[in-house]
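Structure first, then comments.
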Amino acid sequence: MEKILVSACLLGLRCRYDGKILGIDISEQYPGCCLIPVCPEQLGGLPTPREPSEIAGGDGGDVLQDRASVMGKETGTDYAENFIRGAYETLKAGGISGCRKAVLKADSPSCGYKRIYCKGKLIEGSGVTAALLAQNGFEIITI
């Protein structure tokens, strides 16, 4: 049975930054697979709901190398440490469960892959968790 890490919000869990349920459940798209729900932001110690955030000064790979930050859009608080911790916890969950694939929420500062928001606009780049998983050989699909 294939094991896949999945952004928990894509499975209908209430973990989004705004505390809302996304309104979709992708589990039916992966019959016969073992879906492992993860929310990197919660795994990094952030509550739900929480302040919306964007990466400033680069992308997730830059955050992992301490060359960029993850800033709260309302207060300007730097949440990079939480995002990095959550990314490594997600990687650990993937390793423990034997996953090599992840289905992640598009455009997110954690889970976005090849496209994230910066100053309200979509730019090229990956979120912190997506960058770390890609660096470690995970196949990434975004929804």
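Hey, can you tell me all the residues within region 84-106 that are among the hydrophobic types (A, V, I, L, M, F, W, C) and in a loop (DSSP other than H, G, I, E, B)?
Those that are among the hydrophobic types (A, V, I, L, M, F, W, C) and in a loop (DSSP other than H, G, I, E, B): Cys99, Ala106.
Quick test of your reading of the structure: Arg115 fulfils all but one of (1) touching a Leu at 6+ places or on another chain (Cβ under 8 Å); (2) among the basic types (Lys, Arg); (3) on the phi > 0 side of the Ramachandran plot. Name the failing condition by number.
Every condition holds for Arg115 apart from (3).
Which count do you get for residues in region 19-49 that are over 15 Å from the mean Cα position of the chain (by Cα), not aromatic (Phe, Trp, Tyr) and not in a strand (DSSP E or B)?
14
Of everything in region 56-81 that's part of a loop (DSSP other than H, G, I, E, B) and acidic (Asp, Glu), which residue is nearest to Tyr113 (Cα to Cα)?
Asp59
Condition first: basic (Lys, Arg) and within 14 Å of Lys101 (Cβ to Cβ). Now tell me which residues in region 1-58 satisfy that.
Selection gives Lys3 alone.
I'd like the full set of residues that are without any contact (Cβ under 8 Å) to a residue 40 or more places away in the chain, of a type outside the set (Phe, Trp, Tyr) and surrounded by 18 or more Cβ atoms within 10 Å (Cβ to Cβ), limited to region 63-79.
Of everything in region 63-79, those that are without any contact (Cβ under 8 Å) to a residue 40 or more places away in the chain, of a type outside the set (Phe, Trp, Tyr) and surrounded by 18 or more Cβ atoms within 10 Å (Cβ to Cβ) turn out to be Ala68, Ser69, Met71.
Given the criterion of a type outside the set (A, V, I, L, M), over 28 Å from Lys3 (Cβ atoms) and in contact with a helix residue (DSSP H, G or I) (Cβ under 9 Å, 6 or more places away or on another chain), identify the matching residue among Gly45, Gly76, Gly57.
On inspection, the qualifying residue turns out to be Gly57.
What number of residues within region 107-137 satisfy the criterion of being surrounded by 21 or more Cβ atoms within 10 Å (Cβ to Cβ) and not in a helix (DSSP H, G or I)?
10
Coordinate-derived values only; no laboratory data. Computed from a predicted structure; not experimentally measured. Glycine gets a Cβ as well: all are built from the backbone with ideal geometry, and neighbour counts include every protein chain shown.
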